[in-house]
Amino acid sequence: MSVRVFVVDDSAVVRQALAHMLSGHPEIELVGSAPNPLLAMDMIRRNKPDVLLLDIEMPGMDGLTFLRQIMADTPLPTVICSTLSTEGSKVALEALACGAVAVLSKPRLGLKQYLADSRREMIQTLKTAARSRPRGRPAALEGIAPKAAVKAGSLLASVHALALNKPVVIGSSTGGTQALEMVLTSLSADAPGIAITQHMPEKFTAMYAKRLDGICAMNVREARDGDRLERGVVLIAPGGLHMQLRKAAGQYFAVVRDGPAVNRHKPSVDVLFRSAAECAGRDALGIILTGMGDDGARGMKALHDCGARTIAQNEETCVVFGMPKEAIKLNAVDEVLPLEQMARAILQFDSRA
């Protein structure tokens, strides 16, 4: 069964190029296009596409405003395709936070050649999006608690601040930017140290970490080689590099290195999880969230087999159930939980003797 795609882009050249690229594929059906969101609304309702391919910079109504309306009304798997510069990465992150499944960058020059060269990636992205369950912007269980407004007595505050250093490692991919926001904004400032591998391009991770740092009680930053993973700190693996953990003098530190892609990814969740299994063993908590593929499944098995606590996100709350599903198939998961319960599970693990 073919994936039904609708394109919204103000450039006639782009719409023609995309139509040419998509129309020849046996698994893709282009069901319509529009030059702006205002014209697209009724056409989308009539054509009922499986995936929306959406530009951001458009007259009348910009793509982000349209995306928010779509996700608030009837969530539709959406892939952003826009001319995103380094500065525009903020817009890309906002699109992901609003519910976009993926963001693809297109150049301002050499568009037709670029689309021809990236046809395989775009087709795979559209197919992945069609299998997703999009969600609007998440809200934390008790609301977002910026650093300036942290209350020690909140429902999700730690029962007590433990000196024992027990690392939490989290892996995620498609849909993960939203999922991580929901989990991290529900944690108090004294929560245990968390190391995260989220599949994300180079240059995006620093901006993503900065964005999370502004809305979380914990301190969130892109990991640097040698950073200490301590209570109240979240380290996010840099795009284009692998992150591991090592233990020295009872403390955990980030090891950030280049190297070949693992499971087609760099950073790889498996790389982080295996290192946690080796240096932390049963003292670690491993969590695998929404994502396409199987990266992290074998690393979670290593964590499970050495006695670490392992949790997977349930299918109902995943945008894409691939990564949790593969970990479950390997019997690597102790518990399957909805996303809303992940923060509480982290705090319960932290309070365990």
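Laboratory data are not the source of any read-out in this text; all were calculated from the coordinates shown. Predicted, not measured: the structure shown is a model, and the values here were computed from it. Methodologically, a virtual Cβ is constructed for each residue, glycine included, from the backbone with ideal geometry; neighbour enumeration extends over all protein chains shown.
For this structure, a couple of remarks:
- Residue among Ile236, Ile194, Ile215 with the largest mean-square fluctuation in a Gaussian network model of the chain, springs linking Cα atoms under 10 Å: Ile215
- Counting only DSSP H runs of at least 4 residues, each contributing -39500 (n - 2.57), and dividing by the residue count of the chain, the helix-based mean residue ellipticity at 222 nm comes to -10000 deg cm²/dmol.
- Per-residue ³J(HN,Hα) for region 177-188, Karplus 6.51 cos²θ - 1.76 cosθ + 1.60, θ = phi - 60°, Hz, x for Gly and Pro: 4, 5, 4, 5, 4, 5, 5, 5, 6, 9, 9, 7
- Value of D in µm² per second that Stokes-Einstein yields for region 147-350, Kirkwood Rh from Cα pairs, at 20 °C (1.002 mPa s): 132 µm²/s
- Relative intensity, log₁₀ I(q)/I(0), of region 3-130 from a Debye sum that treats every alpha carbon as a point, q = 0.11 Å⁻¹: -0.32
- Coil-residue GluC sites (Glu not before Pro) of region 27-136, DSSP, other Cβ within 10 Å capped at 14: Glu27, Glu87
- Degrees, to the nearest 10: 37-47 long Cα axis against longest axis of the chain: 90 degrees
- Counting only alpha carbon atoms, the long axis of helix 89-98 and the longest principal axis of the chain meet at about 80°.
- The GNM of the chain, with springs linking C-alpha atoms under 10 angstrom apart, assigns the highest mean-square fluctuation among Ala12, Ala100, Ala249 to Ala249.
- Contour minus Cα-Cα distance for Asp258 and Asp73 (0.36 nm per residue): 62.3 nm
- Overall, region 3-130 carries a charge dipole of about 240 debye about its Cα centre when +1 sits on the Cβ of Lys and Arg and -1 on the Cβ of Asp and Glu, all other atoms neutral.
- Within region 147-350: Cβ-based charge dipole about Cα centre, in debye rounded to nearest 20 (Lys, Arg +1; Asp, Glu -1): 400 debye
- Sorted fewest first by neighbouring Cβ atoms within 10 angstrom, Lys90, Lys325, Lys48 come out as Lys48, Lys90, Lys325.
- Paramagnetic reach from Ile215 (point 7 Å along Cα→Cβ, amide N under 20 Å) across region 298-338: 317-320
- Legend: Rg and Dmax of region 235-307, from Cα coordinates, 11.8, 37 Å.
- About its Cα centre, region 1-63 has a charge dipole of approximately 280 debye under the convention of +1 per Lys or Arg Cβ and -1 per Asp or Glu Cβ, with nothing else charged.
- Table column - 3J(HN,Hα) (Hz), region 69-80, Karplus curve with 6.51, -1.76, 1.60, x for Gly and Pro: 5, 4, 5, 6, 8, 9, x, 10, x, 10, 10, 7
- Gyration tensor (alpha-carbon) shape descriptor, region 257-353, a/c threshold 1.5: oblate
- The chain: most fluctuating residue of Arg246, Arg120, Arg309 per GNM, C-alpha cutoff 10 Å: Arg120
- Positive dipole terminus of region 3-130, leading residue within Pro59, Val101, Leu30 (C-beta point charges): Leu30
- Alpha carbon centroid spacing (whole Å) that separates region 34-108 from region 204-233: 28 Å
- Estimated D of the chain in µm² per second, where Rh is the Kirkwood radius over Cα pairs and Stokes-Einstein applies at 25 °C, 0.890 mPa s: 118 µm²/s
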